[in-house]
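The values are calculated or read from the model by the stated rules, or taken from the named source; none is laboratory data. Here the structure is a predicted model, which is why all the values come from computation and not from measurement. A quick note on method: Cβ atoms are made from the backbone with ideal geometry, for glycine too, and the neighbour counts reach across all protein chains shown. Side chains are part of the model used for accessible areas, which takes the heavy atoms of the whole protein and leaves out ligands, DNA and RNA. Shrake-Rupley method; radii C 1.70, N 1.55, O 1.52, S 1.80 Å.
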Amino acid sequence: MQRTSFGDMACSIARTLDVIGEPWSPLILRNVYVGITRFDQIQENLGISRKVLAERLKWLVGNGVLERREYSARPPRHEYVLTPKGLELCDLLLVMVRWGDRWTAGEAGPPVLYRHHACGEISHVELHCAVCDRPMHAGDIDVLPGPGTPTDDGGAGPTASGVDA
């Protein structure tokens, strides 16, 4: 079954899903983020097939999210590290963690805690407006056409139906 490609859609959510929308990808990123960086370690930790892992790693490297680095020349061995693009994707994962901790953790509570380097406290992410620094949630915004919205004639500009939602 061929996967639908979202990369050409005029939607930032679709384009992001094109890079990390396959369910294994965020889990691979999580592992690399916490220091599980070698193929065999990732494979064992996730229980993912070697073939699928190799495909996902190749995809993430090809999209500039991970970098493959040699850590041993004899025999040649590689590990995977986050690029700046990949580290920024981990910010998205922290938002997912916040939602999962609130809505899916159950009575056991969150499986992992996060200590903020700046204050040293256990905390979670909160969304804030980059301009006024006030909390920013889905119910607090209007979605407007942006400069990358396609027009009916194929050019850039707003249309009646073309907003990134």
Loop GluC sites (Glu not before Pro), the range 104-150 (other Cβ atoms within 10 Å of the site Cβ: 14 or fewer; DSSP): Glu121, Glu126
At R0 = 25 Å, FRET efficiency that the Cβ-Cβ distance of Met136 and Arg38 yields, to 0.05: 0.10
Efficiency of FRET between Glu121 and Ser49 - r from beta-carbon atoms, R0 41 angstrom, step 0.05: 0.55
Summed residue charge, Cβ within 11 Å of His128's Cβ, Lys/Arg positive, Asp/Glu negative: -2
Carbon/sulfur fraction of accessible area - the chain, other protein chains in place, 1.4 Å, %: 55 percent
18 Å cut-off, amide nitrogen to a point 7 angstrom out along Ala108 Cα→Cβ, residues in the range 32-61: 45-47
Three-way shape label, the range 20-79, alpha-carbon gyration tensor, a/c 1.5: prolate
Scattering profile of the chain at q = 0.09 Å⁻¹ [log10 I(q)/I(0), Debye over alpha-carbon scatterers]: -0.42
Mean Cα-pair separation over length for the range 80-149, i.e. relative contact order, pairs under 8 Å, 6 or more apart, %: 18 percent
Positive-pole candidate from Gln41, His116, Leu127, dipole of the chain, charges at beta carbon: Gln41
Accessible area per residue in Å² at 1.4 Å probe, computed on the range 1-94: 64 Å²
Spin-label pair Glu67/Ile13, simplified geometry with 7 Å Cα→Cβ offset, distance in nm: 3.3 nm
Average Cα contact separation per residue, the chain, under 8 Å, 6 or more apart, as relative contact order %: 16 percent
